[in-house]
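**Q** Sharing a structure here in structure tokens format.
The values are calculated or read from the model by the stated rules, or taken from the named source; none is laboratory data. These numbers come from a predicted model, not from an experiment. Neighbour counts are summed over all protein chains in view; Cβ atoms, including those assigned to glycine, are modelled from backbone coordinates with ideal geometry. With ligands, DNA and RNA removed, areas are computed over all heavy atoms of the protein, side chains included. Shrake-Rupley method; radii C 1.70, N 1.55, O 1.52, S 1.80 Å.
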Amino acid sequence: KILEKFNMDKSYPNKTPMVVRSLEIGKDPFRPRDIGEKMLGPEIPYLSVIGALMYLANCTRPDIAFAVNLLARHSADPTRRHWTGAKCILRYLNGTKDLGLFFKKNHDPSMIGYTDAGYLSDPHNGKSQTGFVFLHGGTAISWKSSKQTLTATSTNHSEIIALYEASRE
């Protein structure tokens, strides 16, 4: 329904939800709006697309959570680059309509959790990215991808912050 709403149901499918990022600030497609760069006008439904993608990322598609999180940071001043990133996620969804969460009736009741952090994954403000997922019977039941609230001073420090933030959830 989301693909049809934003006229992307017949788009060419992508194999990944986002383009490759660059740690060089000037080359990163997910960087904040540059001085002199035009903001998107009201004719582009950027906020509606981000809202719909956030719903999917929070409810049934943990695979797009990181990319949606990056794009949602620019909701106040989106540019053509950010709009291209949002369309990239929609094209990925078009190619992966058959993916989703499946809960089996008779399954292993064990619970497993994974967490990870990317040290300085946001080179624009020195913050690291945290992600976690908890599986019950092999199916994701809780997940999150967000910018860390503290500034890490090393890779090890960012991993410790990730573990702490995941345990709070």
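**Q** For the chain, return all DSSP H helices satisfying: extent of Cα atoms along own axis at least 15 Å; mean Kyte-Doolittle hydropathy at least 1.0. Present the calculation step by step, with values, prior to reporting the outcome.
**A** Values: long enough: 46-59 (20 Å, 1.49); 80-95 (23 Å, -0.71); 155-168 (20 Å, -0.39).
Helix filter hits for the chain: 46-59.
**Q** Also: Which of PHE30, PHE132, PHE102 ends up with the largest GNM mean-square fluctuation for the chain, with Cα atoms connected below 10 Å?
**A** Checking each option, the largest mean-square fluctuation is seen for PHE102.
**Q** Between LYS104 and LYS15, what's the calculated FRET efficiency when r is the beta-carbon distance and R0 is 30 Å? Round to 0.05.
**A** Working: r = 27 Å, r/R0 = 0.90.
For R0 = 30 Å, the calculated efficiency reads 0.65.
**Q** Per-residue HN-Hα couplings for region 11-19, Karplus 6.51 cos²θ - 1.76 cosθ + 1.60 at θ = phi - 60°, whole Hz, x for Gly and Pro?
**A** Going residue by residue, I get 6, 6, x, 9, 8, 10, x, 8, 6 Hz, with x marking Gly and Pro.
**Q** Let me ask something additional. Counting only helical runs of four or more DSSP H residues, what would the 222 nm mean residue ellipticity of the chain come to if each run contributes -39,500 (n - 2.57) and the total is spread over all its residues? List each step's numbers first, then the result.
**A** Details: 5 runs with 56 residues, N = 169.
Result for the chain: -10000 deg cm²/dmol, rounded to the nearest 500.
**Q** Right, another one. What ranking, highest mean first, results for peptides 6-16, 56-66 when packing means the other Cβ atoms within 10 Å averaged over each residue? Write out the running numbers ahead of the final one.
**A** Working: 6-16: 13.3, 56-66: 18.0.
Peptide ranking by packing, descending: 56-66, 6-16.
**Q** Could you do me a favour and compute the accessible area per residue for the chain, 1.4 Å probe, result in Å²?
**A** Working: 10120 Å² over 169 residues.
Counting only protein heavy atoms, the per-residue value for the chain is 60 Å².
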